[in-house]
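Chemist: The structure that follows is given in the form of structure tokens.
The values are calculated or read from the model by the stated rules, or taken from the named source; none is laboratory data. Quick caveat: nothing in here was measured; it's all calculated off a predicted structure. Counting neighbours? That spans all protein chains shown, and the Cβs are built from the backbone with ideal geometry, glycine included. The protein model used for the area step is the full one, side chains on, heavy atoms only, and it has no ligands, DNA or RNA in it. Shrake-Rupley method; radii C 1.70, N 1.55, O 1.52, S 1.80 Å.
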Amino acid sequence: MNSLRLRILIQMTAIGLLPCTAMVLGLRFLPGGLLPWLLYGVLVLLICVTAIARAGSISRPLKEALDAMGMLMRSAGTYKPKAWVPKEYWAMQDSLSRVLAEEREQRIVLEKQLAAQGKAVAEAEAAAMRGIEVLHAIVEAASEGIVFIHAEGHLAMINHRALDLFQLTDEVARPGVGNTIWLNAVAAKFKEADNLTTIWQAWQSGPGIQEGEWTTLTGRTITIRTFDVRQEQGTLLGRIWMFQDVTELRQMSQRLQESQKMESIGQLAGGIAHDFNNLLTAIRGNLTLAELQDNNDGFRGKIDDANRAAGRAAELVNQILGYSRKSRHERNTCDISHVIDDVRNILRASLDPKVTLRCNVPKNLWQTVGAPVQIEQVLLNLCLNARDALPDAGGTIDISTLNIAETLSLGEGSGHRGDYVVIKVKDNGHGVPLEARSHIFEPFFTTKDQGKGTGLGLSMAKSIIEQAGGWMEFDSELGKGTEFRVFLPREVRPIAKTSKSAEPAPARPARGSAEGTVLVVDDEAPVRSIAVNMLKYLGYSVVEAQDGEEAIRILQNNGKPIDAIMMDVYMPKLSGRDTFKQIRSLGIDVPVIVCSGFMIDAEEFTSLCTSQQGPVEVIQKPYSMESLARVVRKAIVEGHRALSA
């Protein structure tokens, strides 16, 4: 035991034993007289003195220890040790000081770590809240209706688009509502609701992505896409449902398909018309050559009939080319009043007496854009369709017109503004069936019996009106009739005053009166033969080539000068355009006559060369003897004039 502890123990024992001894002695001798009292007093005095004297020895170490502990706890500075305190005490004090200092440092580090972690948690919570707000904004801004069904089977979230799409009530759309209630409410908006409920409930409980497309009771087309949402470890959180109204998209896709189909049919029609024009060229050419024979008196009437039929076929081909957009139409001014008068005169000879034709045309009717012959064709087609729709007992066909300023049509032409003339053709026939109305303007579609219609009339009519800048509409009711409305834009330009009756008929060119050499280039032997025979009849010397490559070889090696080149556009090996470019690149400035079943612009060919070399003329198949003579003579004259300039 160390000395500090022994000293304190002895002092405390002495203080405790002396009072006890005094009490025993006092009790023993107290009744005995004065001496006991004196002894008792001395003992008490000794006890007090001893207690007072020794109090410092006991309290000082305790006080010193308490002061040192306090200073250490308060970090009040360095405690100056007393000389009488043992070394062991100071060793214990140093150990305790180091322990407390380490604890204080660790506590400070821990407090800093906790503060940093608290700040990071607060920032993460703020970022998460911002992410939730952004996600909510994205969901609300989405064009699709979005719904999230919790894995526990209740509605967790629904955006406003879904509410607007299905017009759901608060009882059905509030968060927490059961999955079955919600699905039944949405399925009730669709056709075959019971079947859809079964399918969707199976989707809700199944994994993976599911997709489908259904039609609502109002006729809207809705696509549905649903997929499950899981945590990384695979725990199911719920299922997202996405609804999109694709009605307009499907309609646009259908119109695009129809447009592509129409374009394909137009290309087919253009190709057929081109080939048919070649055949007509051979037919009309041979008829013309037969007509020129001296011994054809017995067949002249038949030849004239065949010529007229071939001319009518050529007009039909031009109509097909117009439908296929391969024919060029100039902007013309049309007097609708005169056109309706012509149509009425034509119909009088073709309508049954039981059919009444009524026309109502105001005197102040505006002029319109459009070729009169084509507008006449449109009205004739509409009137003949109206005639075919009337019952056997007869009926009425009404043609009426009116001026409309600042038109804003509510039909197919919606959005067209301006001044228009409206032509109405109305009948009281059987009407157009509902299933046929969306196809009424399609080419080759007809509601007539087999052999009574080609299905091209209305599609061509629509094409003609659209080329003039207008559009067509119609309304029909079964058992009551149909009304077609033709909208044509107003034309303020005056109509050129020309009279067809005043124009002299073209004179038949004299045989053998022309001079010069013409190179005929065409891959179709019958067409080339007609051109060669007509040119020879006119007096020209003719050189033949069956394609562009042969034509270039002839131009380079032929010793006899060529005065004009009559060339087809569509040929194998080397097309007409490529042949023309090579001819001009060789410096050959011979006049070129472009001949095609399509309407060709001369500027299209002249633009193929960097410099203007030699004139370019155009003639369209099938051509007559008169038109061929005129074009060839003009080309040769222009070529000679260019050489002499």
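Chemist: Could you grab me the full set of residues in segment 334-372 that are over 17 Å from Leu488 (Cα atoms), touching a Gly at 6+ places or on another chain (Cβ under 9 Å) and part of a loop (DSSP other than H, G, I, E, B)?
Modeler: Asp352, Pro353, Lys354
Chemist: Checking the structure you have, find out if any residue of segment 372-386 is open to solvent by less than 20 Å² (accessible area, probe 1.4 Å), of a type in the set (Gly, Ala, Ser) and on the phi > 0 side of the Ramachandran plot.
Modeler: Scanning segment 372-386 turns up no residue that is open to solvent by less than 20 Å² (accessible area, probe 1.4 Å), of a type in the set (Gly, Ala, Ser) and on the phi > 0 side of the Ramachandran plot.
Chemist: In addition: Step by step: first the residues of segment 516-529, then only those that are more than 19 Å from Val592 (Cβ to Cβ) and touching a helix residue (DSSP H, G or I) at 6+ places or on another chain (Cβ under 9 Å), then the one that is most open to solvent (accessible area, probe 1.4 Å). Which residue is that?
Modeler: Checking each candidate, the answer is Pro526.
Chemist: Which of the residues spanning segment 167-181 are open to solvent by 40 Å² or more (accessible area, probe 1.4 Å) and in contact with an Asp or Glu (Cβ under 9 Å, 6 or more places away or on another chain)?
Modeler: Ile181
Chemist: Those residues that are at pLDDT below 90 and either surrounded by 15 or more Cβ atoms within 10 Å (Cβ to Cβ) or within 30 Å of Gly597 (Cβ to Cβ) (or both), I need them from segment 340-368; list them, please.
Modeler: Scanning segment 340-368 gives Asp342, Val343, Arg344, Ile346, Leu347, Leu351, Val355.
Chemist: I need the full set of residues from segment 440-476 which are out of contact with any helix residue (DSSP H, G or I) (no Cβ under 9 Å at 6 or more places or on another chain) and at pLDDT below 85, in order please.
Modeler: Result: Asp449, Gln450, Gly451, Thr454, Gly455.
Chemist: With respect to Asp164, determine if the residue is crowded, with 16+ Cβ neighbours inside 10 Å and modelled with pLDDT of 80 or more.
Modeler: No, not satisfied.
Chemist: Which pairs turn up if I take residues in segment 232-260 that are more than 24 Å from Gln201 (Cβ to Cβ) and look for partners that are at pLDDT 85 or above with beta carbon separation below 8 Å, at least 6 apart in sequence or on another chain?
Modeler: Thr247/Arg220; Thr247/Thr221; Arg250/Thr221
Chemist: Restricting the search to segment 191-211, which residues are surrounded by 12 or more Cβ atoms within 10 Å (Cβ to Cβ) and at pLDDT 85 or above?
Modeler: The answer is Gln210, and nothing else.
Chemist: Is one or more of the residues making up segment 168-176 of a type in the set (A, V, I, L, M, F, W, C) and in contact with a strand residue (DSSP E or B) (Cβ under 7 Å, 6 or more places away or on another chain)?
Modeler: Yes: one or more hits.
Chemist: Something else about it: For a quick check of your reading of the model, give me the residue pairs whose first member lies in segment 126-137 and is within 15 Å of Met157 (Cβ to Cβ) and touching a residue at least 60 places away in the same chain (Cβ under 8 Å), whose second is loosely packed, with under 10 Cβ neighbours inside 10 Å and of a type in the set (D, E, K, R), with beta-carbon atoms closer than 9 Å and at least 6 apart or on different chains.
Modeler: So the pair list comes out empty.
Here's the yes/no breakdown for (1) of a type in the set (Asp, Glu); (2) open to solvent by 30 Å² or more (accessible area, probe 1.4 Å); (3) without any contact (Cβ under 8 Å) to a residue 40 or more places away in the chain:
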position	(1), (2), (3)
Asn533	no, yes, no
Val542	no, yes, yes
Glu550	yes, yes, yes
Asn558	no, yes, yes
Ala564	no, no, no
Gln582	no, yes, yes
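Chemist: Across segment 224-243, what is the number of residues that are under 24 Å from the mean Cα position of the chain (by Cα) and open to solvent by 30 Å² or more (accessible area, probe 1.4 Å)?
Modeler: Residues meeting the conditions: 2.
Chemist: For Val637, indicate whether it is crowded, with 16+ Cβ neighbours inside 10 Å and either of a type in the set (Lys, Arg) or at pLDDT 85 or above (or both).
Modeler: Spelling it out, it is not the case that Val637 is crowded, with 16+ Cβ neighbours inside 10 Å and either of a type in the set (Lys, Arg) or at pLDDT 85 or above (or both).
Chemist: Give me the pairs: first residue in segment 139-156 and more than 14 Å from Trp203 (Cα to Cα), second residue assigned to a loop (DSSP other than H, G, I, E, B) and open to solvent by 20 Å² or more (accessible area, probe 1.4 Å), beta-carbon distance under 7 Å, and six or more apart or on different chains, which are they?
Modeler: Once the first residue is more than 14 Å from Trp203 (Cα to Cα) and sits in segment 139-156, its partners that are assigned to a loop (DSSP other than H, G, I, E, B) and open to solvent by 20 Å² or more (accessible area, probe 1.4 Å) give His154/Gly176; Leu155/Pro175; Leu155/Gly176; Ala156/Pro175.
Chemist: So how many residues does segment 181-222 have that are assigned to a helix (DSSP H, G or I) and in contact with a Phe, Trp or Tyr (Cβ under 7 Å, 6 or more places away or on another chain)?
Modeler: Summing the residues that are assigned to a helix (DSSP H, G or I) and in contact with a Phe, Trp or Tyr (Cβ under 7 Å, 6 or more places away or on another chain) in segment 181-222 gives 4.
Chemist: Restricting attention to segment 387-403, and to residues there that are open to solvent by 30 Å² or more (accessible area, probe 1.4 Å) and modelled with pLDDT under 90, which single residue is farthest from the chain's Cα centre (by Cα)?
Modeler: Ala393
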